[in-house]
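The values are calculated or read from the model by the stated rules, or taken from the named source; none is laboratory data. Small disclaimer: the values here were computed from a predicted structure and weren't measured. Here the Cβ is made from the backbone with ideal geometry for all residues, glycine too, and neighbour counts use every protein chain on show.
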Amino acid sequence: MADVTPHPPCLEVIWPVELTHLPDQSQGMDNFVQEKLREQDLALKPQQYSYPSIFIYGHRASGKSHVMHVLLKELEVMEKAELLRDTDANLLPALLRLQELVEDNITVILLSEIAWDKFRPNTGCFEPLLLHFPDYSKGELQQILSQDRHPSYSAELYSSYINILLGVFYSVCRDLRELRHLAALNFSKFCEPLAEGKVKETDTHKLWRNIEPHLKKAMQTVYLREVSSLQWEQMQQMEEKETGALRGLSAHTHVELPYYSKFLLIAAYLASYNPARTDKRFFLKHHGKIRKTNFLKKNEKTSNHLLGPKPFPLDRLLAIFYSVVDSRVAPTASIFSQISSLVTLQLLTQVSHDDQLDAPKYKCAVSMDFICAISRTVNFDIVKYLYDFL
């Protein structure tokens, strides 16, 4: 067997003995990291062997990647480590024992948004050191977001605005990126009375009354953004240019839905406008050749789109969803909560009574143009699956 060549310096673990103060975005996290390192005796000198593998997990935008980039400048860290579950079964166990396999002082650091208990292979593997990054507290979010203040206004005013924003959104959203997005989008509305000279900066009560209904309306679309962060940043950088993606679209049309919500809406549209018996023809691989004329009856010559959407049960919606989505999706609570969000956004309409919990029925409430626009964003040709267009 050939000698193992030394690994490049970028893979060697060098844990700093004294942690420097972290930049503004990670205020409040430096003490947490120092305490974790102290608990696990990780503050080692470069010549000492460090822990073979570390699994760092926590919710989105909780500072995991930022702290790693600041503290560990000489490491390669694997983000979105949950994707390793879909690779070869031997890859993850090998990575966790990489230090033993190469006989060198190497630490593999995996970053993920899911806990290790849901990550651990069924076949078993070396257990990494677990570090959990909790969500930012309300005080930490206040401190971080207050540093994004507008140069035209005082720090005290922007801090008061952030305090109002967190008072509305903190109970439902603790994602730093989402809160920063909401703060930037709503600040101009908050400052309208100031720009018009109606109030002073110190009159926070009147400013609060002006922005309160606007924030409550915005809370209905938390995570289901009317304008994405990327689009918002592009509009800020090119204020003098029109954003082509939004040109000519109504506020209802450019709602940005989560990935699986788009497929749920597509499945709902197909369930509303396709006869139930055609599901086998569209969604089973080995259905045989079935001509449209075999389905037609004398009273079915009218287009389903002219008759309007028909109600469908939840189990049919999920069956179509799992057929059209391009990846395996577990039937988790997240899927059901996204259905509720679509109802809240009035993209779906629940037509059954609230007491019929075992068999709720829905109707799709969007137009053909809208669903075609949604389908294009996920590269799905919905026309191929519509009975009226056979």
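Structural remarks
- Single residue of His254, His214 found to be within 26 Å of the chain's Cα centre (by Cα) and modelled with pLDDT under 55: His254
- Enumeration of residues in the range 121-143 that are in contact with a Lys or Arg (Cβ under 6 Å, 6 or more places away or on another chain) and assigned to a loop (DSSP other than H, G, I, E, B): Phe126, Phe133, Asp135
- Only one entry of Ser146, Ser171 meets the criterion of being farther than 17 Å from Ile211 by Cα, assigned by TED's automatic domain parsing to the domain that holds Lys216, in a loop (DSSP other than H, G, I, E, B) and polar (S, T, N, Q), and that entry is Ser171.
- Test for Arg60: is it more than 19 Å from Glu140 (Cβ to Cβ), of a type in the set (Lys, Arg) and either modelled with pLDDT under 80 or not in a loop (DSSP other than H, G, I, E, B) (or both): no
- Picking from residues in the range 183-210 that are free of Cβ contacts under 8 Å to residues at least 12 places away in the same chain and among the acidic types (Asp, Glu), the one that is surrounded by the most Cβ atoms within 10 Å (Cβ to Cβ) is Asp203.
- Count - residues of the range 64-111 that are β-branched (Val, Ile, Thr), modelled with pLDDT of 75 or more and farther than 18 Å from Leu129 by Cβ: 2
- Neighbours by Cβ (under 6 Å, 6+ apart or cross-chain): first from the range 122-135, charged (D, E, K, R); second surrounded by 15 or more Cβ atoms within 10 Å (Cβ to Cβ): Asp135/His59; Asp135/Ser62; Asp135/Arg174
- Flag if Ile371 is surrounded by 14 or more Cβ atoms within 10 Å (Cβ to Cβ), at pLDDT 90 or above and either among the β-branched types (Val, Ile, Thr) or assigned to a loop (DSSP other than H, G, I, E, B) (or both): yes
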